[in-house]
Amino acid sequence: MGVLKDRFKEKAEISAAEIKHILKDHGNDKVGEVTLSQIYQGMRGITGIVSETSLLDSQEGIRFRGYSIPELQEKLPKVDGGSEPLPEGLFFLMLIGELPTDEDVADISSMLQRRSHVPNHVFAAIEALPVTSHPMTQFVVGIMALQTESNFSKKYAAGMAKKDYWESMFDDSMDLIARLPRVAAYIYRRKYKNAEHIHPNGLLDWAGNLAHMLGYEDESFKELMRLYMTIHADHEGGNVSAHTTHLVGSALSDPYLSLAAGMNGLAGPLHGLANQEVIKWIFEMREELKTESPTQEQITEYVKKTLSEGKVVPGYGHAVLRKTDPRFTAQMEFGKKHMPDDPLVQTVWNIYEAVPPVLQSMAKIKNPWPNVDAHSGALLVHYGMVEYEFYTVLFGVSRALGVLASLCWDRALSLPLERPKSVTTELVKKWINNEGEIWGD
Ligand SMILES: CC(C)(COP(=O)(O)OP(=O)(O)OC[C@H]1O[C@@H](n2cnc3c(N)ncnc32)[C@H](O)[C@@H]1OP(=O)(O)O)[C@@H](O)C(=O)NCCC(=O)NCCS
């Protein structure tokens, strides 16, 4: 732990000094222009946040500190005999900015094991909710109950110097990442497996242990969890979960408060909840068409029906991407290797053939290609995890790696309170008539 923290401190000090120089020389350079449409339409295309952990290219997809997903699959450490990257390695890369050695990853795995104890009141808080509550609601309540453990909030209340903020933010982030798999597995077993809970296995890696506590001992499910936890971890800084965590953290809310806020955003159907929507949509299609393996023609007709009912086709489209999401491709490769004959997985591939031409014919849709959520559910169903309402919790456990690594950077770089200017339509109308200005001061 000490080693990771020291290395982070060293990297952050170098970066902070560089940024100071950059701002001294270029602080007044313009990075773009903002149009009225952008203000009304979700701020698309406005560069307004710094997030060091990953960068999204609309054509190429995500790169984590410069590395694409296939490169991560090749270069990040794996378990003995495994072929998927260990998410601990990605976390190291996002936090430190360098590829980890096997030893770095082993250190993180054992540090997370040491910090993974979840106090009983967290389980009691989850138990206070009806078992019918959505798993994401239970997850957020679990994270909020863990907040009693925050070092940052205790030290802040006792009076902490600004230069020390990053350190307790860092400690909280490690504790939280260590504890999330237990909380997630607890919710799964509570809701779907008669509350028959499974104790952690202190010898397993972070994602392998999550698979074990969920009740899936198949080694290839553990491999799936390692891949899943790696590819869902980060998608640069502007998406709802990352941006929310960063925004709430800018008020010096501790990592528990900040992550819980981000997870509430992930629970929205246009963001992380889309993975459950995809499987729900496929199950409904199979039921309506009375077949396990609909043809491409049948899928095309069903897609047209979905659109004519004014609904979105879940798993397709993206606010930034304009090509097939490489996270979709990575999961497709996993499917080809581990379950090429699975009818549901094959249906996902048939949907991939059928949907883009239909969406391409609708001029307003900017991206007809699948995103990460179009594939993930089918892989989980293959192993028996059919409880699709739970899928976004898995996404959340993974997303914590990216947004908390970013939160550590936010505090290490002393990024200030985020506070953009807003306007009213009344003011916009005056501005159009040259009777007022809409920019802030
Ligand atoms: C992800 C998403 C929210 C991006 O939205 P966006 O940035 O506004 O995307 P676009 O600019 O292409 O949207 C333009 C129009 O096409 C529609 N559109 C985009 N993707 C669509 C889809 N998969 N099915 C139907 N309509 C879609 C939008 O709803 C919007 O319609 P409107 O102008 O009537 O409001 C959108 O593609 C979507 O709702 N996808 C389905 C849900 C999903 O998979 N979410 C997970 C994202 S990782």
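Each value in this text was obtained by applying a stated rule to the coordinates, not by laboratory testing. These figures come from a predicted structure and were not determined experimentally. Cβ coordinates were reconstructed from backbone atoms using ideal geometry, including for glycine residues, and neighbour counts include every protein chain displayed.
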Counted neighbours (other Cβ, 10 Å), sorted fewest up, put Y40, Y391, Y186, Y165 in the order Y40, Y165, Y186, Y391
Residue-normalised 222 nm signal for the chain, counting each DSSP H run of n ≥ 4 as -39,500 (n - 2.57), nearest 500 deg cm²/dmol, is -18500 deg cm²/dmol
In whole percents, the bins of 10 Å from zero upward hold the Cα-Cα pairs of the range 66-144 as 16, 32, 22, 25, 4
Here, V31 and E18, labelled 7 Å along Cα→Cβ, have an inter-label distance in nm of 1.5 nm
Classified through the alpha carbon gyration tensor (a ≥ b ≥ c as square roots of its eigenvalues; rounded if a/c is under 1.5, else prolate when a/b is larger than b/c, else oblate), the chain comes out oblate
Expressed as a whole-number percentage, the relative contact order of the chain with C-alpha contacts under 8 angstrom and at least six residues apart is 20 percent
Cα extents of the range 53-209 per principal axis, largest first, Å, are 45, 44, 36
Going from the fewest other Cβ atoms within 10 Å to the most, one would list T47, T329, T392 as T47, T329, T392
The range 312-441: relative contact order from alpha carbon pairs under 8 Å, six or more residues apart, as a whole percent, is 27 percent
With 0.36 nm assigned to each residue of separation and the Cα-Cα distance removed, E287 to Y40 gains 85.0 nm
Calc'd 3J(HN,Hα), the range 96-101, phi into Karplus 6.51 cos²θ - 1.76 cosθ + 1.60 (θ = phi - 60°), Hz, glycine/Pro = x, comes to 9, x, 10, 5, x, 8
Protection proxy (average C-beta count within 10 Å per residue), highest first, orders 110-117, 144-151, 258-265 as 258-265, 144-151, 110-117
The range 276-426: spread of alpha-carbon positions along the three principal axes, whole Å, largest first, is 56, 44, 25
Computed over the Cα atoms of the range 253-318, the Rg and Dmax in Å are 16.0, 51
Going from the fewest other Cβ atoms within 10 Å to the most, one would list L90, L394 as L394, L90
Pseudo-spin-label distance K163 to Q59, built 7 Å along Cα→Cβ, given in nm, is 4.6 nm
Note: E418 to T132 extended length (0.36 nm per residue) minus current alpha-carbon separation gives 99.3 nm
Beyond 23 Å, the calculated P(r) of the range 195-279 holds a percent of Cα-Cα pairs equal to 41 percent
Expected unfolding gain across Q346-L252 under the 0.36 nm per residue rule, minus the alpha-carbon gap, is 29.2 nm
For the range 217-287 the mean separation of alpha carbon contacts under 8 Å (6+ apart) over residue count, i.e. relative contact order in percent, is 20 percent
